[in-house]
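What follows is one structure encoded as structure tokens, with my remarks underneath.
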Amino acid sequence: MTIAAIATPLGEGGIAVIRVSGPEAVGISATVFRGKDLNTVPSHTAHFGRIVKGDEVIDEVVATVFRGPRSYTGEDTVEISCHGGVLVTQRVLETVLGAGAVPARAGEFTERAFLNGKLDLAQAEAVADLIHARSLTATRAAVQQLEGRLGAHVARFRQAVIDMTALVELELDFIEEDVEFASRDQLRRLLDEVTAELDTLLATYETGRLVKHGVRTVIAGLPNAGKSTLLNALTGRDRAIVSATAGTTRDVIDADWSHGGLLFTLTDTAGLRHTEDAIEAEGVRRSHAALEGADLIVYLHDVVAPPEPDVRARYAGRPFLLVGNKTDLAPRADRTPYDLCISAKSGTDLETLKAAMLRAVLGERRIEPGGVLVTASRHRDALAKTREHLSAARTALEAGTTGDFLAIDLRAALHHLGRLTGSITTEDLLDSIFSRFCIGK
Ligand SMILES: Nc1nc2c(ncn2[C@@H]2O[C@H](COP(=O)(O)OP(=O)(O)OP(=O)(O)O)[C@@H](O)[C@H]2O)c(=O)[nH]1
Ligand SMILES: [Mg+2]
């Protein structure tokens, strides 16, 4: 089946691209293209011409022809660049569809690239990550995954496990003879090595998750503590209303802020207090809900106001910063209850707060520009399952278990590694991955 879709965002722009891919991609495009006969042009060439519907000229375009397998999808592909207006782009697409192509599903081009072996599954997922990336480090992580580094890393120790399994299974064929093809010492060493590699990869997930999804940071505290002032100061924008009236913010307000390579989604909340006002009460309920899902809580307290002795305990076990605010009003206020103190209004010690926020979520971990990061929970789960089965194999080995049981665990470990790279897939898995894409990708 030959598919077609608009590959660029719908809107007014200089150009838009309609992508056509499949066995009839060139033939279908040639029937609606007036210019050189696309059927006869060499691969990887671009041609100026017109898209026509009967006698009507729809647009002047450039058609670029890629013959499979040297294309993104691995199939014959034509990319038609037309003028970037919403209507004209849609009419070019309709003309191509009228000539026999069918509309592509979300992610179908990339799915075909995967099915045709142009990308492994982790790489295909990286395409979506790259499109959705909103910070520099997220872009870098997606690019290294797109380059196939995670896949290559996994493929290396997957091969080691395959070799190991083959040897153990070979023994099973000679069970009568009581031979040992797989030296138990060697097996033990290999299992330990692969497990150590898995641990290193798994340990990157905490950072990888933050790099990919950003850090959900909730600014909480009593009314008037200066939460909205802090949101505005960090983002450098006049995003939230600030006033001396307690209970000013009644809804949760989000603003994106990049720092240290991470994207922080800052959420300003309604001051936490009991209130009879129904709207403010709903705001307080939403504040609590936001706190539930937070990766980091910045709890502001007015150093001039009476202390709140129990806050730290309330958020025990969560990344949490207790920040005294309004130091300008009371330079001599007691700072001991706080992790640090700032003046949100004058900007004093904001840099200290920024550094503390990074440290609170990353700890001693660093974001290495070239390092392999596990950023998807699907990958983390597959690696964790692999590790479980390898540990089971290791335990079985110690207990002197027979090869057939060892082989079961090794096979299970391979199964989970295969799900990561996509050498083992199910329709459900593919559907859930490719539905994240936009149409045209
Ligand atoms: N002097 C001084 N005033 C501040 C500081 N930060 C905030 N304020 C003032 O404190 C008042 C309340 O600030 P907001 O930022 O609206 O406080 P809030 O925590 O968002 O309050 P609610 O939305 O009502 O929960 C305003 O008058 C601010 O100008 C500060 O560092 N120093
Ligand atoms: Mg506010």
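The values are calculated or read from the model by the stated rules, or taken from the named source; none is laboratory data. Small disclaimer: the values here were computed from a predicted structure and weren't measured. With ideal geometry, Cβ positions are generated from the backbone for all residues, glycine too; neighbour counts draw on all protein chains shown.
Here are some notes:
Residue-by-condition table, conditions (1) more than 19 Å from Ala233 (Cβ to Cβ); (2) away from ligand 2 (no atom under 16 Å from the Cβ); (3) over 35 Å from the mean Cα position of the chain (by Cα):
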site: Glu276; (1), (2), (3): yes, yes, yes
site: Arg312; (1), (2), (3): yes, yes, no
site: Gly324; (1), (2), (3): no, yes, no
site: Ala355; (1), (2), (3): no, yes, no
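- Ala290 being outside any loop (DSSP other than H, G, I, E, B), under 27 Å from Gly214 (Cβ atoms) and touching a Ser or Thr at 6+ places or on another chain (Cβ under 6 Å): yes
Yes/no matrix, rows are residues, columns are (1) closer than 24 Å to His416 by Cβ; (2) in the same structural domain as Arg387 (by TED's automatic domain parsing); (3) surrounded by fewer than 16 Cβ atoms within 10 Å (Cβ to Cβ):
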site	(1), (2), (3)
Lys118	yes, no, no
Leu121	yes, no, no
Val161	yes, yes, no
Asp192	yes, yes, yes
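This table checks each residue for (1) part of a loop (DSSP other than H, G, I, E, B); (2) closer than 16 Å to Lys441 by Cα.
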{"position": "Arg19", "(1), (2)": "no, yes"}
{"position": "Gly27", "(1), (2)": "no, no"}
{"position": "Ala30", "(1), (2)": "no, no"}
{"position": "Ala46", "(1), (2)": "no, no"}
{"position": "Pro69", "(1), (2)": "yes, no"}
{"position": "Gly74", "(1), (2)": "yes, yes"}
{"position": "Ile80", "(1), (2)": "no, yes"}
{"position": "Val92", "(1), (2)": "no, no"}
{"position": "Leu97", "(1), (2)": "no, no"}
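- Between Ala122, Ala104, the distinction of being within 13 Å of Phe437 (Cβ to Cβ), small (Gly, Ala, Ser) and touching a Ser or Thr at 6+ places or on another chain (Cβ under 9 Å) belongs to Ala104 only.
- Listed by first and then second residue, the pairs with beta-carbon distance under 6 Å, at least 6 apart or on different chains, first residue in the range 34-50 and under 18 Å from Gly74 (Cα atoms) and in the same structural domain as Val78 (by TED's automatic domain parsing), second outside any helix (DSSP H, G or I) and basic (Lys, Arg), are Ser43/Arg67.
- Candidate set: the range 46-56, residues that are in contact with a strand residue (DSSP E or B) (Cβ under 6 Å, 6 or more places away or on another chain) and surrounded by 13 or more Cβ atoms within 10 Å (Cβ to Cβ); chosen: the one farthest from Thr89 (Cα to Cα): His47
- In the range 326-333 there is at least one residue matching the filter, namely being surrounded by fewer than 16 Cβ atoms within 10 Å (Cβ to Cβ), within 26 Å of Leu266 (Cα to Cα), of a type outside the set (S, T, N, Q) and in contact (Cβ under 8 Å) with a residue 12 or more places away in the chain.
- Per-region count, the range 396-441, residues crowded, with 21+ Cβ neighbours inside 10 Å, in contact (Cβ under 8 Å) with a residue 60 or more places away in the chain and under 12 Å from Thr386 (Cα atoms): 4
- Residue that is surrounded by the most Cβ atoms within 10 Å (Cβ to Cβ), among those in the range 211-267 that are of a type in the set (Ser, Thr, Tyr) and more than 16 Å from ligand 2 (Cβ to nearest atom): Thr265
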